[in-house]
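For reference, the structure discussed in these notes is given below.
The values are calculated or read from the model by the stated rules, or taken from the named source; none is laboratory data. Note that this is a predicted model, so its numbers are computed, not measured. For neighbour counting, all protein chains shown are included, and Cβ atoms are generated from backbone atoms with ideal geometry for every residue, glycine included. Surface areas here come from the heavy atoms of the whole protein model, side chains and all, with no ligands, DNA or RNA. Shrake-Rupley method; radii C 1.70, N 1.55, O 1.52, S 1.80 Å.
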Amino acid sequence: MPAHVIVGAQWGDEGKGRVADWYAAQSDIVARFAGGDNAGHTVRVGDDTFKLHLVPSGVLYPDVICVLGGGMVINPVKLVEELKGLADRGIDISPDRIKIAMNAHIITPAHIALDGAREAQRGEKAIGTTKRGIGPAYTDKVARVGLRTGMLADLEDFANRVKAHTVYSNRCLEALYGAEPLDPDETATSLYAAAEFLKPYLTDVPLMLYEALQEGQQVLCEGAQGTLLDIDHGNYPFVTSSTPTVGGAITGLGIGPRHIERVIGIAKAYSTRVGAGPFPTELLDEQGDRLRGTGANPWDEFGTTTGRPRRCGWLDTVVLRYAARISGLTELVVTKLDILSGFDTIKIADAYTFRGKTIRELPGDQGLLAECAPDYQTTDGWQEDIMGVTDYEKLPAAAQSYVEKTEQAVGVPIKLITVGPARAQTIVR
Ligand code: GDP
Ligand code: IMO
Ligand code: MG
């Protein structure tokens with residue numbers, strides 16, 4: 001029976017968390033399939049704001065089972081902090097409803113140190129990572145030297161493995177980066193309590209999901225990051241180290257593709273990017289500042305995880321068409337339409353000029369994205385505050401026209417539009 005997949009269609013922070021929360025209301029299971037605590041998914045429930053990094057957004061519905069899939073990289077200390085923080089706010093975090101796959105990888109202090117050291121060595125060419133140890137943890141996974149969550153089943157053995165891993169990582173830290181080594185015993189001790197806490201959560205996730213799907217349960221697969229941050233299909237090397245596109249749901253959870261019924265792409269009504277790398281529609285002027293917010297506004301574009309200001313720019317439908325193609329999107333959700341209220345005119349990039357030619361698709365080598373200049377269509381803005389609108393027909397004509405132009409340019413139906421961070425600020429089309 002059906003699995004629905006949520007993927008970011010841009011550079012992350014599209015509002016996946018709040019959209020996952022919306023669809024979680026109709027789901028039995030919500031399963032995160034990739035990434036780690038580089039993600040920051042914000043969900044507003046009434047006056048409460050939850051900033052989730054590892055725990056799926058379904059956690060705010062008491063009857064939903066939440067899964068941390070094998071495609072993830074998990075910092076045990078951060079996960080325990082997050083779970084306890086949720087418990088303090090009255091959320092049930094028992095192993096009855098939170099399940100951790102046994103084939104996820106563990107982020108250690110050595111991975112975090114390596115992330116920082118690599119970024120420092122890159123200097124001006126730094127990727128602008130979140131410094132959460134994501135890249136080094138996935139590097140160890142692929143090099144077949146990683147630590148897996150399943151190892152938490154035997155805590156003593158796990159501690160020994162952490163020590164050996166720290167000794168090995170220290171060689172890289174010292175020899176390649178001239179960085180300070182970590183104390184293997186201290187590192188193992190720092191993870192012990194978290195490992196002990198998490199042990200009861202270990203679950204055979206692929207089997208659990210298979211059985212749930214066979215029984216006809218509704219599984220929502222929650223992606224993190226976004227299409228252009230994909231390790232294979234993103235803007236390499238300015239990417240993360242995981243697969244945020246639809247394939248990541250299949251490998252990251254261990255479900256078959258035939259279970260997937262809908263692939264829901266999430267796109268902001270404009271574009272943002274944190275970290276380095278080319279961004280064709282970036283606005284470096286006061287219009288970009290306006291999209292970002294000025295500090296006191298609830299819609300501020302500052303990173304949920306790192307607090308960095310997000311780079312902002314106009315909507316890029318070349319990017320959205322690419323996301324639709326790579327993940328086979330069945331539909332699109334457009335978030336933050338309210339932020340565009342008050343502009344006299346709004347621009348949409350529908351093509352690029354690349355070496356004197358007009359192109360409608362991203363260059364096959366995305367290393368060339370820096371050479372692409374956006375070709376804009378200009379469309380009328382609207383002045384009305386739309387944050388209270390819940391009926392599509394009640395949106396100003398110019399806002400409807402913007403949505404429809406986007407839909408035509410991408411070639412995928414826009415099923416949901418959000419006009420504010422709260423649950424009720426959602427327009428179903
Ligand atoms: P994610 O990483 O894709 O889950 O997105 P983030 O949570 O990092 O960033 C989205 C931000 O926009 C959060 O602060 C949300 O509360 C906020 N947000 C989401 N949808 C809307 C919307 O429709 N309007 C406004 N103004 N804010 C929104
Ligand atoms: P959510 O799930 C936005 C970006 C970083 C950096 C690059 C590599 O909230 O959308 P990493 O620490 O992963 O090695 O950093 O990827 N990045 C994100 N940008 N939203 C995210 O997650 C991101 N996760 C990673 O800023 O450019
Ligand atoms: Mg985010």
Q) Quick one: C372 ticks every box in (1) within 16 Å of ligand 1 (Cβ to nearest atom); (2) open to solvent by less than 50 Å² (accessible area, probe 1.4 Å); (3) outside the structural domain of G15 (by TED's automatic domain parsing) bar one, so which box is it? A) (1)
Q) Which residue pairs have Cβ atoms closer than 8 Å, lie 6 or more positions apart in sequence or on different chains, and pair a first residue in the range 195-210 that is within 15 Å of R148 (Cα to Cα) with a second residue that is of a type in the set (S, T, Y)? A) L198/T149; L202/T149
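Taking G265, is it touching a residue at least 60 places away in the same chain (Cβ under 8 Å), within 16 Å of ligand 3 (Cβ to nearest atom) and either in a loop (DSSP other than H, G, I, E, B) or within 26 Å of P2 (Cα to Cα) (or both)? Before you say what the answer is, go through the steps one by one.
Working: touching a residue at least 60 places away in the same chain (Cβ under 8 Å): yes; within 16 Å of ligand 3 (Cβ to nearest atom): yes; either in a loop (DSSP other than H, G, I, E, B) or within 26 Å of P2 (Cα to Cα) (or both): yes.
So G265 passes the test.
Keeping to the range 57-85, report how many residues are outside any loop (DSSP other than H, G, I, E, B) and open to solvent by 10 Å² or more (accessible area, probe 1.4 Å).
9
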Q) What is the residue count in the range 4-35 for residues that are within 13 Å of ligand 3 (Cβ to nearest atom) and polar (S, T, N, Q)? A) 1
Q) From the residues in the range 1-56 that are of a type in the set (F, W, Y) and more than 10 Å from ligand 2 (Cβ to nearest atom), which one is nearest to the chain's Cα centre (by Cα)? A) F33
Q. Take the residues of the range 238-279 that are within 9 Å of ligand 2 (Cβ to nearest atom) and over 16 Å from the mean Cα position of the chain (by Cα): which is most open to solvent (accessible area, probe 1.4 Å)?
A. A276
Q: Kindly indicate which of A34, A25 is modelled with pLDDT of 95 or more, more than 29 Å from M151 (Cβ to Cβ) and hydrophobic (A, V, I, L, M, F, W, C).
A: A25
Q. Quick check: anything in the range 36-45 away from ligand 3 (no atom under 16 Å from the Cβ), in a strand (DSSP E or B), touching a residue at least 12 places away in the same chain (Cβ under 8 Å) and in contact with a helix residue (DSSP H, G or I) (Cβ under 6 Å, 6 or more places away or on another chain)?
A. yes
Q) Residues of the range 397-429 being open to solvent by 20 Å² or more (accessible area, probe 1.4 Å) and part of a loop (DSSP other than H, G, I, E, B), which ones? A) G411, P413, P421, R423, A424, Q425, R429
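Out of G12, G46, G35, I need the residue that is more than 7 Å from ligand 1 (Cβ to nearest atom), in the same structural domain as N75 (by TED's automatic domain parsing), touching a Pro at 6+ places or on another chain (Cβ under 9 Å) and over 14 Å from V333 (Cβ atoms). Which one?
On the way: G12 fails: more than 7 Å from ligand 1 (Cβ to nearest atom); G46 fails: touching a Pro at 6+ places or on another chain (Cβ under 9 Å).
Result: G35 is the single residue among G12, G46, G35 that is more than 7 Å from ligand 1 (Cβ to nearest atom), in the same structural domain as N75 (by TED's automatic domain parsing), touching a Pro at 6+ places or on another chain (Cβ under 9 Å) and over 14 Å from V333 (Cβ atoms).
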Q.
Among the residues of the range 295-309, are any open to solvent by 30 Å² or more (accessible area, probe 1.4 Å), more than 26 Å from I427 (Cβ to Cβ) and not in a loop (DSSP other than H, G, I, E, B)?
A. yes
Q | In the range 149-200, the residues that are under 20 Å from C66 (Cβ atoms), open to solvent by 10 Å² or more (accessible area, probe 1.4 Å) and touching a strand residue (DSSP E or B) at 6+ places or on another chain (Cβ under 9 Å) | A | G150
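With farther than 19 Å from R325 by Cβ, open to solvent by less than 50 Å² (accessible area, probe 1.4 Å) and in a strand (DSSP E or B) as the only criterion, which of L220, L291, L213 stands out?
On the way: L291 fails: in a strand (DSSP E or B); L213 fails: in a strand (DSSP E or B).
Testing whether each residue is farther than 19 Å from R325 by Cβ, open to solvent by less than 50 Å² (accessible area, probe 1.4 Å) and in a strand (DSSP E or B) leaves just L220.
Restricting attention to the range 280-289, does a residue exist that is within 15 Å of ligand 2 (Cβ to nearest atom) and either in contact (Cβ under 8 Å) with a residue 40 or more places away in the chain or farther than 26 Å from T245 by Cβ (or both)? Walk me through how you get there before you give the answer.
First, the residues of the range 280-289 that are within 15 Å of ligand 2 (Cβ to nearest atom): 282.
Now drop any that are not either in contact (Cβ under 8 Å) with a residue 40 or more places away in the chain or farther than 26 Å from T245 by Cβ (or both), which leaves none.
Checking the range 280-289: not a single residue is within 15 Å of ligand 2 (Cβ to nearest atom) and either in contact (Cβ under 8 Å) with a residue 40 or more places away in the chain or farther than 26 Å from T245 by Cβ (or both).
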